[in-house]
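One structure below.
Coordinate-derived values only; no laboratory data. These numbers come from a predicted model, not from an experiment. Cβ sites come from the backbone with ideal geometry, for glycine too, and all protein chains shown count toward neighbours.
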């Protein structure tokens, strides 16, 4: 929860329900829900064969792939939020040496490295607040996908191909990389890991609703 000029708001309102991060290049689809352009494109790429394109949240479908339009007003709001979040992170999260259970910054030099607060799935590196700042300042880095540095990036990598595991295999019920879909998982039903996560979130919300009511 953040507060600006006496008004409180929840950052989750400006997060994409697929990648769970602040919206990047936000687009609003026909039902009114908003996603990162790359996230909804990834979800719909998996639905090309079915010929129906659905919203990951409300499941409203369309027989034709909708044309995506950028939500410029929301993009400006999110951009300001990112700058505010970075400034607060730098001031409220002083640099601290990484402990045994922490993720260390990949860009800190010397024998003692600072604790990483975010990991970039595009750079495949983890950053402390000081080295993370360029990702919020330079346009070429702003489009990178950042996640909280809670687990080592190695755990998100395919041990066979050394690629990010961005695909979910329904047959084997596990995440794989795109190269895996060309050999041992060839012919298996797969979706993007982000799309599978969005589906699980919707199913969980439905279960909670039915359980309560």
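Couple of notes before you dig in:
- Label zone at residue 95 (point 7 Å along Cα-to-Cβ), backbone N below 17 Å, the range 128-144: 128-135
- Here each label is just a point 7 Å from Cα along the line to Cβ, and for residue 151 and residue 112 those points are 3.1 nm apart.
- Cα gyration tensor shape for the range 35-173, rounded if a/c is under 1.5, else prolate or oblate: oblate
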